Amino acid sequence: MQKPRRWTRPEKWIVICLLFITSLNLLGFSAAPKTVKVQVDGRTITLSTRAVTVKGALEDAGVVLSDADGYDIAGDGKYEDGSTIEVIRAIPVKVWQHGKTTEYLIGRKTVKEVLDAVGVNYEGYQMYPSLDAPVEAGMTIHVMSPTAEISKETEKLPYTTELRNNDNLPRGRRNVISAGKDGEAVVTYRMINVGSQKVKKEIDREVVSDPVPEVVEVGTGLNQMVETSRGYVRYRSAMQAETSAYTLAEGSGTGLTATGIVPYHGIVAVDPDVIPYGTRMYIPGYGFAMAGDCGGDINGNRIDLFMDSYSDAIAWGRRDVTVYFLE
């Protein structure tokens, strides 16, 4: 019978040393520091870690994951030096299949990852949205029969009207500041059979363009406003007056008005006992005016309007108008 060979003391030490060196190498390799980035809750954390797993790196970064949260490693998905880890917080997602809707709280990036995580079989089914579509909070993933009919239609989104009060506009009057514009949405329908008829069921809605509201200002000002070439202006009082027209040749002969100014379009002759000099007014058909002259036969509610030419004076003639005295 052969006796088992005994290790000599030198051989034992050699083996022990080799095992020790191997352990050091393995330990050094596994604990080698890595510089990684963690994207979480809208911020990026850069850290150096000796963690050998992603969860260990997240713990070193002070990131707490719930059971429903997930993470994704950018690039080829390998956890290594220089990796970027994106934490995906759980959001509500619904899955419709076989006429039943189930709601999950899950943190994944794509439809496929959600279905894989919750254990929904989608092989051979028609998907909406597609498996590689990004996941959004509140979305419904439809796992449908491969023969299900899907259709898309464009839908108009009517614009609304935004009203703005304007104290400088007569009460009750409306003025469109900017025109409205309808928006547009693309609606996805799934056709379902109800008895002998096919009925559309909306499964998705994508807004292509938002409606632009019509902006309308509504007059809330006093009723004492008059529309002029410069817009609406307030007036303190109004008077019915008989008007006529005159030119420079019909004036005092000095070329000056009774108030000592050279007349121009906008200067009118008045009875100063009725309309004081310097009174500002608006006369429809003539424009803005100021009382700056008088005349021998201008008495009471009579006003003579200065015209630049004789033809303009003849064209005006005599007419009764409402004179608005401005504030």
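The values are calculated or read from the model by the stated rules, or taken from the named source; none is laboratory data. A quick note: this is a predicted structure, and the numbers were derived from the prediction, not measured. Methodologically, a virtual Cβ is constructed for each residue, glycine included, from the backbone with ideal geometry; neighbour enumeration extends over all protein chains shown. Just so you know, the surface numbers come from the protein's heavy atoms only, side chains and all, with ligands and any DNA or RNA stripped out. Shrake-Rupley method; radii C 1.70, N 1.55, O 1.52, S 1.80 Å.
Other residues within the sphere of radius under 14 Å centred on the Cβ of D116, judged by their own Cβ, net out at -1 (K and R +1, D and E -1).
Got the relative contact order for the stretch 201-327 handy, in percent, Cα pairs under 8 Å and 6 or more residues apart?
Working: 226 pairs, mean separation 42.8, N = 127.
Worked out over the stretch 201-327, it gives 34 percent.
Assuming charge only on the beta carbon of Lys and Arg (+1) and of Asp and Glu (-1), the dipole of the stretch 173-276 about its Cα centre is about 660 debye to the nearest 20. Which of I177, I261, I106 moves most in a GNM of the chain, Cα contacts under 10 Å? Comparing I177, I261, I106 in a Gaussian network model of the chain, the most mobile one is I261. For the stretch 182-316, the spherically averaged projection of the C-alpha convex hull amounts to 16.4 nm². What the chain shows is 63 Å² of accessible area per residue, with the surface traced by a 1.4 Å probe over protein heavy atoms.
Taking the protein heavy atoms of the chain in the context of the full set of protein chains, the accessible area attributed to carbon and sulfur is 52 percent at 1.4 Å.
Labels on offer are (1) 20.5; (2) 29.9; (3) 21.9, and the one holding Kirkwood radius over Cα pairs in Å computed from this structure is (2).
Is the C-alpha gyration tensor of the stretch 33-88 telling us rounded, prolate or oblate? Criteria: a/c under 1.5 is rounded; beyond that, a/b larger than b/c is prolate, otherwise oblate. Taking the square roots of the gyration eigenvalues as a ≥ b ≥ c, the stretch 33-88 is rounded. Each stretch of four or more DSSP H residues adds -39500 (n - 2.57); spread over every residue of the chain, this sum gives -4000 deg cm²/dmol at 222 nm.
Restricting attention to the stretch 75-114, which chymotrypsin sites (Phe, Trp or Tyr not before Pro) occupy a DSSP loop and are surrounded by at most 13 other Cβ atoms within 10 Å?
On the way: sites: Y79, W96, Y104; in loops: Y79.
Here no chymotrypsin sites (Phe, Trp or Tyr not before Pro) fit, given the DSSP loop and packing criteria.
If you place +1 on the Cβ of every Lys and Arg and -1 on the Cβ of every Asp and Glu, how big does the dipole about the Cα centre of the stretch 32-170 come out, in debye to the nearest 20?
Numbers: 15 positive and 21 negative charges, 28 e Å.
Taking the Cα centre of the stretch 32-170 as origin, the dipole is about 140 debye.
Restricting the stretch 49-130 to GluC sites (Glu not before Pro) that sit in a DSSP loop and have at most 16 other Cβ atoms within 10 Å of their own Cβ leaves E80, E123.
Angle check, please: helix 9-30 long axis (alpha carbons) against the longest principal axis of the chain (alpha carbons), in degrees 0 to 90, nearest 10. Between helix and principal axis, roughly 10 degrees.
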